[in-house]
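Chemist: Sharing a structure here in structure tokens format.
The values are calculated or read from the model by the stated rules, or taken from the named source; none is laboratory data. It should be emphasised that the depicted structure is a prediction, and the values quoted were computed from it without experimental measurement. Here the Cβ positions follow ideal geometry from the backbone for every residue, glycine too, while neighbour counts run over all protein chains shown.
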Amino acid sequence: MIGRYAFSIVIGIVVTMSLLFIMQLLIVSGKQALTDPRERHKLEFVRIKKNENLNLYDIIPDKPPKPPETPPETPPQDMDNIDPDAPTIDVPRPTITANTDIGGPGSMNIAEGDYLPIVRVAPVYPSRALSRGLEGFVDMSFTVTATGTVKDPIVLQSTSSLFERAATRAVLKFKYKPRVVDGIPVEVVGVKTRITFELED
């Protein structure tokens with residue numbers, strides 16, 4: 001029992017002495033840290049002179065100009081600069097002639113009260129025939145109605161099929177004074193005419 005107390009006392013003394021020694025070391029090292037000069041870091045500042053001539057107005061862009069309210073007028077064409085020797089295309093105008101000799105039945109002259117032509121429409125020259133320089137004629141037969149119009153046109157003879165459609169269209173636009181028999185207008189069948197297609201020289 002006494003030995004256990006003695007051992008505890010010895011251990012306590014050793015621990016106490018160790019703590020005192022450690023505290024002494026801390027105190028000595030602390031004083032040395034306070035007395036040693038500190039290393040100071042220097043900061044260098046570079047002063048920039050203020051630019052008194054700084055132009056702040058150049059930073060703002062200029063406003064774009066306003067578009068004109070009305071478009072500018074087109075300058076007149078200078079006719080003096082036109083070359084009179086420039087090549088030109090001369091397309092002659094076609095001459096269309098229609099035979100107005102309309103024969104009645106039996107090639108007799110038109111008697112009083114017989115049909116009479118009032119309106120004769122010139123045909124349109126076919127573009128294909130015009131480009132080829134073709135000329136010719138178309139013999140037509142048709143019926144003059146009691147109202148003076150034309151119906152049932154028939155091509156009797158033609159120099160080229162290019163002229164037949166133009167001749168038929170033209171004949172359908174003809175107007176006549178109808179034949180009158182006993183005061184009543186009647187139809188006339190077999191009226192013939194020739195439509196000629198010719199180009200100018």
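Chemist: Which of the residues spanning the range 142-161 are closer than 13 Å to VAL191 by Cα, crowded, with 16+ Cβ neighbours inside 10 Å and of a type outside the set (A, V, I, L, M)?
Modeler: Within the range 142-161, PHE142, THR145, GLY148, PRO153 meet the criteria.
Chemist: Follow-up question, since we're still on this one. Conditions: (1) in contact (Cβ under 8 Å) with a residue 40 or more places away in the chain; (2) among the charged types (D, E, K, R); (3) on the phi > 0 side of the Ramachandran plot. GLU135 meets all but one. Number of the miss?
Modeler: Every condition holds for GLU135 apart from (3).
Chemist: Identify all residues within the range 146-201 that are within 23 Å of GLY113 (Cα to Cα), among the β-branched types (Val, Ile, Thr) and touching an Asp or Glu at 6+ places or on another chain (Cβ under 9 Å); write none if there are none.
Modeler: Answer for the range 146-201, where residues must be within 23 Å of GLY113 (Cα to Cα), among the β-branched types (Val, Ile, Thr) and touching an Asp or Glu at 6+ places or on another chain (Cβ under 9 Å): VAL180, VAL188, VAL189, THR193.
Chemist: While we're looking at this one, here's another question. Specify the residue that is modelled with the lowest pLDDT; the eligible residues are those in the range 87-134 that are touching a Ser or Thr at 6+ places or on another chain (Cβ under 8 Å) and surrounded by 16 or more Cβ atoms within 10 Å (Cβ to Cβ).
Modeler: Within the range 87-134, the match that is modelled with the lowest pLDDT is ILE102.
Chemist: Considering the range 167-200 alone, what residues qualify as being free of Cβ contacts under 8 Å to residues at least 60 places away in the same chain and either touching a strand residue (DSSP E or B) at 6+ places or on another chain (Cβ under 8 Å) or not assigned by TED's automatic domain parsing to the domain that holds GLY113 (or both)?
Modeler: ALA167, THR168, VAL171, LEU172, LYS173, PHE174, LYS175, PRO185, VAL186, GLU187, VAL189
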